[in-house]
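Q: Input: one structure, supplied below.
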């Protein structure tokens, strides 16, 4: 009887992504517990072909997934986020595995269509958030004194893909989170509720940002900015409460530099006359109030008053407090990434899970569908001097193409 060599990490990855317990696999395969554990912990293990085919069919992954060596090495402790105490071990493991396999997909795509080097760098420990935010703007080719029009595009232009995690996954048929916190204002919640980031690739050279699919443009922008803060301020995972707060301060400073908006502040700061700043700089009132307080632009007492008002005033359009749905909640559409979709199209000539199922890929089509969920199918409105996001990825299937981002950087935010 022939045998097949498989990578133990791949078996565990497939099982975790399918939300299948080790016990269920063991019972399906009629194995004893030690064999299942040893298989997943082994670097390489040998299976009889019949067992291998049965296992691959049960986990619903292409056979080549198990026989291809993993590249990314993201552990739970490498994730750049501060998980709430209620987060289970299995949920943390799922996030780490999701990032690993997404990173391996990026690696495979990069072998076909080469993207430029990542522009973001990890700064020395102890760098203050104002310096870090200014550095990050420079790396993304953004002027310090003008608002950022489409942050997700600018981050992807710097070689950092963004993936949107939807509430319902195709690959596991699982509800990833409840909606209890979906309407909390950005700036009061931290990224631990909304997203995380990791460094993928063999040498952790490719940052990856994962964000929750949200209908709030304010929360989406702030979460992406928060993840940039983690990537430039925190080289390692295991994020502490202080580091989480630091990334939050970074996010607001990055979106609305204090020294710049200081000149735009009205003499008397009220919720109503902060609205022009919110809409111009693309930051929620809740986050803006905290930012003004932490930057010393308003007194703590005034900030507390504004926060109380935020949660007592009712938005007549929604019937909820301003703290739940601020004025201007519908002024923009939530930003959505595009780089992965264009990258997949350049490599395979298709970007739908159905079309990609016809390709001989090592990833199941429903998992690729999860990776592509939330990706835009068209460039953002050209409201500012942006280059077309289509320029981020060169055309050509299966060829080595170096993507020129110079054109994408030639435009500056208006």
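The values are calculated or read from the model by the stated rules, or taken from the named source; none is laboratory data. Predicted model, so just to flag it, every value in this text is computed and none were measured. No Cβ is skipped: glycine too gets one built from the backbone with ideal geometry, and neighbour counts run over all protein chains shown.
Q: Might you let me know whether the range 80-89 holds any residue that is farther than 21 Å from residue 369 by Cβ, surrounded by fewer than 15 Cβ atoms within 10 Å (Cβ to Cβ) and in the same structural domain as residue 39 (by TED's automatic domain parsing)?
A: Looking for residues that are farther than 21 Å from residue 369 by Cβ, surrounded by fewer than 15 Cβ atoms within 10 Å (Cβ to Cβ) and in the same structural domain as residue 39 (by TED's automatic domain parsing), one finds none in the range 80-89, hence no.
Q: I'd like the full set of residues that are farther than 22 Å from residue 225 by Cα and in contact with a strand residue (DSSP E or B) (Cβ under 6 Å, 6 or more places away or on another chain), limited to the range 87-128.
A: 113, 114
Q: So residue 148 passes all but one of these: (1) buried (at least 21 other Cβ atoms within 10 Å of the Cβ); (2) not in a loop (DSSP other than H, G, I, E, B). Which condition number does it fail?
A: Result: residue 148 passes all but (2).
Q: Look at the range 1-44 and say how many of its residues are part of a loop (DSSP other than H, G, I, E, B), closer than 14 Å to residue 58 by Cβ and touching a residue at least 12 places away in the same chain (Cβ under 8 Å).
A: Of the residues in that region, 3 qualify.
Condition check ((1) surrounded by 15 or more Cβ atoms within 10 Å (Cβ to Cβ); (2) farther than 26 Å from residue 360 by Cβ; (3) out of contact with any strand residue (DSSP E or B) (no Cβ under 6 Å at 6 or more places or on another chain); (4) assigned by TED's automatic domain parsing to the domain that holds residue 91) across all residues:
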| site | (1), (2), (3), (4) |
| --- | --- |
| 8 | yes, no, no, no |
| 26 | yes, yes, yes, no |
| 41 | no, yes, yes, no |
| 56 | yes, no, yes, no |
| 59 | yes, no, yes, no |
| 62 | yes, no, yes, no |
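Q: How about the range 282-371: which helices (runs of 4 or more DSSP H) wholly inside it have at least 3 residues that are surrounded by fewer than 18 Cβ atoms within 10 Å (Cβ to Cβ) and over 24 Å from the mean Cα position of the chain (by Cα)?
A: Correct list: 300-310.
Q: For the range 151-166, does any single residue satisfy the condition of being buried (at least 16 other Cβ atoms within 10 Å of the Cβ) and under 19 Å from residue 288 (Cβ atoms)?
A: yes
Q: Kindly provide the set of residues from the range 103-120 that are outside any loop (DSSP other than H, G, I, E, B) and touching a helix residue (DSSP H, G or I) at 6+ places or on another chain (Cβ under 6 Å), ordered by number. Outline the logic, then answer.
A: Our first condition is that a residue be outside any loop (DSSP other than H, G, I, E, B); within the range 103-120, this holds for 103-114.
Those that are outside any loop (DSSP other than H, G, I, E, B) and touching a helix residue (DSSP H, G or I) at 6+ places or on another chain (Cβ under 6 Å): 109, 112, 113.
Q: Only one of (1) over 15 Å from residue 218 (Cα atoms); (2) assigned by TED's automatic domain parsing to the domain that holds residue 108 is not met by residue 346, so which one is it?
A: Every condition holds for residue 346 apart from (2).
Q: Scan the range 45-54 for residues that are buried (at least 16 other Cβ atoms within 10 Å of the Cβ) and not in a helix (DSSP H, G or I) and report the count. Talk me through it step by step, then tell me what you get.
A: Applying the first criterion (buried (at least 16 other Cβ atoms within 10 Å of the Cβ)) to the range 45-54 yields 45, 47, 51-52.
In the following step, the residues that additionally are not in a helix (DSSP H, G or I) were identified as 45, 47.
Of the residues in the range 45-54, 2 are buried (at least 16 other Cβ atoms within 10 Å of the Cβ) and not in a helix (DSSP H, G or I).
Q: Being without any contact (Cβ under 8 Å) to a residue 40 or more places away in the chain and more than 21 Å from residue 284 (Cα to Cα) is the filter here, so list the residues in the range 234-265 that pass it.
A: 242
Q: Looking at (1) at pLDDT below 90; (2) surrounded by fewer than 17 Cβ atoms within 10 Å (Cβ to Cβ); (3) at negative phi; (4) in contact with a helix residue (DSSP H, G or I) (Cβ under 7 Å, 6 or more places away or on another chain), can you tell me which one residue 392 breaks?
A: Tallying (1) at pLDDT below 90; (2) surrounded by fewer than 17 Cβ atoms within 10 Å (Cβ to Cβ); (3) at negative phi; (4) in contact with a helix residue (DSSP H, G or I) (Cβ under 7 Å, 6 or more places away or on another chain), residue 392 fails exactly one: (2).
Q: Also: Are any residues in the range 256-281 closer than 27 Å to residue 237 by Cα and surrounded by fewer than 24 Cβ atoms within 10 Å (Cβ to Cβ), and if so, which ones?
A: Once the filter is applied, which keeps residues that are closer than 27 Å to residue 237 by Cα and surrounded by fewer than 24 Cβ atoms within 10 Å (Cβ to Cβ), the range 256-281 yields only 257.
Q: State all residues of the range 121-145 that are under 19 Å from the mean Cα position of the chain (by Cα) and either over 18 Å from residue 235 (Cβ atoms) or in a helix (DSSP H, G or I) (or both); if no residue qualifies, say none.
A: Initial filter on the range 121-145 (under 19 Å from the mean Cα position of the chain (by Cα)): 121-122, 133, 136-137, 139-140.
If the condition is that a residue be under 19 Å from the mean Cα position of the chain (by Cα) and either over 18 Å from residue 235 (Cβ atoms) or in a helix (DSSP H, G or I) (or both), then 133, 136, 137, 139, 140 are the ones that fit.
Q: Say we look at the range 90-109 and pick out the residues that are farther than 16 Å from residue 368 by Cβ and surrounded by fewer than 19 Cβ atoms within 10 Å (Cβ to Cβ); which of these is modelled with the highest pLDDT?
A: 93
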